[in-house]
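Report on one structure; see the data block that follows.
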Amino acid sequence: MKIVRSVNRMFKISSAARRAGRRIGFVPTMGALHQGHLSLIRAARRENDLVVVSIFVNPLQFGPKEDFKRYPRAFSRDKRLCRDEKVDFVFSPPAGQIYPEDFKTAVLVKGLSDLLCGSSRPGHFQGVATVVSKLFNIVSADTAYFGQKDAQQTVIIRQMVRDLNIPVKIRVMPIVREKDGLAMSSRNIYLSPRERQDARVLPEALKLAKALMQSGQRDSRVLIGRMRKLILRKKNAKIDYIAVVDGETLRPLKKVSSGCLILAAVFFGRTRLIDNLIAA
Ligand code: AMP
C-alpha cells in the first residue's frame, strides 16, 4: 500500500492505471475510519482491480462555527485499517495541494444543496461537491463508493455527476450500525455517555416509522409526528428536522411511497446526528 500526498502523483498513477485497463474503485473519506467506511472499501476491493481511499478533512465543507479543528484525525490507525483491507493507495493530500492560494472555483448543485442538512449547514454541500468533483478529476475512478448514511450527499453527488458528465459510476452502500442501532459516524465519539444512550432514539424513531408503514400508514405528517414524539421523550434531544422526501429530487412528500426517503437530523447536546431510511 502506498501513501500519496501529491495531487500530481495521484493523477499520474490513476490515469496510467486507467489507460492500462485496470478498474479503479475510489472511496472518498475524511478519515477516522470505522466499519461504515470499511464496508465501502470492501465493496471497492471486491469490484475493482485497484482501490484508492482518500483521507482528507475538507475545510470547505465546515461552517465557521463547526468542528473542523476538532474533527477526529487518526491517520496511523487509518493507514493500518486500509492496509488490512488491501487498499492500494491512500491519497491524503495537504489542504494546500487541494486548495492552492489562488483557488477560485466552486461547484454548486442548485436546489438540492440548501435544504434539509443544507439549511442548517450553509455552504456544506457546496464544499462537498467542490472537493468531490476535484477528487473525481484527480483519481480517474471507474466507480466511487458512498454511504447511504449521508443520503442527501449521495443525491447531490449523483446529480452533479449527471450534470457535469463526470465519467464515474456511483455506488451507494447500506448504513452500517452499532449493535444498538446507532448509525456509525466519526462524530459519535463527541457524545457523552448520557448522550450516547439517548442517541439510540434516532434509529428507534426510524424503526417506528418503518413499523407504521408496514401496518399501512402512508401519511407523512402522521409518521413525522410519531417520530417527533418518540424523540422528544429524551430531554436533551433537539430535532433539527424530520422529513419525508422524494429519493431523487428531495422534494417533500405528503404520502410515503416506495423508494422515498425518511430523513432525520437530531442534536444530542452539541452533536448533530443524521440517519435515514429508504421506504420499501
Ligand atoms: P466521511 O468520512 O464521514 O466523509 O464519510 C465517508 C463515506 O463513508 C461517506 O460516503 C459516508 O456516507 C460513508 N459512511 C459514513 N458512515 C457510514 C455508515 N455508518 N455506514 C455506511 N457508510 C458510511
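The values are calculated or read from the model by the stated rules, or taken from the named source; none is laboratory data. The structure presented is a predicted model; accordingly, all values stated were derived computationally and were not measured. All Cβ positions, glycine included, derive from the backbone under ideal geometry; neighbour counts span all protein chains shown. Each accessible area value is taken on the protein alone, full model and side chains, heavy atoms only, with ligands, DNA and RNA left out. Shrake-Rupley method; radii C 1.70, N 1.55, O 1.52, S 1.80 Å.
Within the set of pairs 6+ apart or on separate chains, which have a first residue in region 217-237 that is within 15 Å of PRO252 (Cα to Cα), a second that is open to solvent by 80 Å² or more (accessible area, probe 1.4 Å) and assigned to a loop (DSSP other than H, G, I, E, B), and C-beta atoms under 8 Å apart?
Pairs found: ASP219/LYS254; SER220/LYS254; ARG221/LYS254.
Any chance you could count how many residues in region 107-126 are closer than 13 Å to PRO59 by Cα and either at pLDDT below 95 or open to solvent by less than 60 Å² (accessible area, probe 1.4 Å) (or both)? Show your work before the answer.
Of region 107-126, the ones closer than 13 Å to PRO59 by Cα are 123-126.
Pick out the ones that are also either at pLDDT below 95 or open to solvent by less than 60 Å² (accessible area, probe 1.4 Å) (or both) and you get 123-125.
Number satisfying all stated conditions: 3.
Identify all residues within region 185-207 that are surrounded by fewer than 19 Cβ atoms within 10 Å (Cβ to Cβ) and either assigned to a loop (DSSP other than H, G, I, E, B) or touching a Gly at 6+ places or on another chain (Cβ under 6 Å) (or both); write none if there are none.
Once the filter is applied, which keeps residues that are surrounded by fewer than 19 Cβ atoms within 10 Å (Cβ to Cβ) and either assigned to a loop (DSSP other than H, G, I, E, B) or touching a Gly at 6+ places or on another chain (Cβ under 6 Å) (or both), region 185-207 yields SER192, ARG200.
Every residue in region 90-106 that is open to solvent by 30 Å² or more (accessible area, probe 1.4 Å) and either touching a Ser or Thr at 6+ places or on another chain (Cβ under 8 Å) or within 24 Å of ILE41 (Cα to Cα) (or both), please. Even if it seems obvious, please write down each step before you answer.
Let us first name the residues in region 90-106 that are open to solvent by 30 Å² or more (accessible area, probe 1.4 Å), namely 94-97, 99-106.
Residues satisfying the conditions are PRO94, ALA95, GLN97, THR105, ALA106.
Do we have LEU250 as surrounded by 18 or more Cβ atoms within 10 Å (Cβ to Cβ) and part of a helix (DSSP H, G or I) here? Don't jump to the end; show me each part of the working.
Values: surrounded by 18 or more Cβ atoms within 10 Å (Cβ to Cβ): yes; part of a helix (DSSP H, G or I): no.
No, not satisfied.
Tell me which of these LEU230 doesn't satisfy, since it passes every other one: (1) more than 16 Å from the ligand (Cβ to nearest atom); (2) part of a helix (DSSP H, G or I); (3) open to solvent by 40 Å² or more (accessible area, probe 1.4 Å).
Of everything listed in (1) more than 16 Å from the ligand (Cβ to nearest atom); (2) part of a helix (DSSP H, G or I); (3) open to solvent by 40 Å² or more (accessible area, probe 1.4 Å), LEU230 misses just condition (3).
Condition first: within 12 Å of the ligand (Cβ to nearest atom) and either among the small types (Gly, Ala, Ser) or crowded, with 19+ Cβ neighbours inside 10 Å (or both). Now tell me which residues in region 156-171 satisfy that.
ILE156, ILE157
Conditions (1) more than 8 Å from the ligand (Cβ to nearest atom); (2) open to solvent by 10 Å² or more (accessible area, probe 1.4 Å); (3) of a type outside the set (A, V, I, L, M, F, W, C); (4) within 25 Å of LEU60 (Cα to Cα), marked per residue:
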position: ASN8; (1), (2), (3), (4): yes, yes, yes, yes
position: PHE11; (1), (2), (3), (4): yes, yes, no, yes
position: ARG18; (1), (2), (3), (4): yes, yes, yes, no
position: ARG23; (1), (2), (3), (4): yes, yes, yes, no
position: LEU33; (1), (2), (3), (4): no, no, no, yes
position: GLY36; (1), (2), (3), (4): no, yes, yes, yes
position: ARG42; (1), (2), (3), (4): yes, yes, yes, no
position: ARG46; (1), (2), (3), (4): yes, yes, yes, no
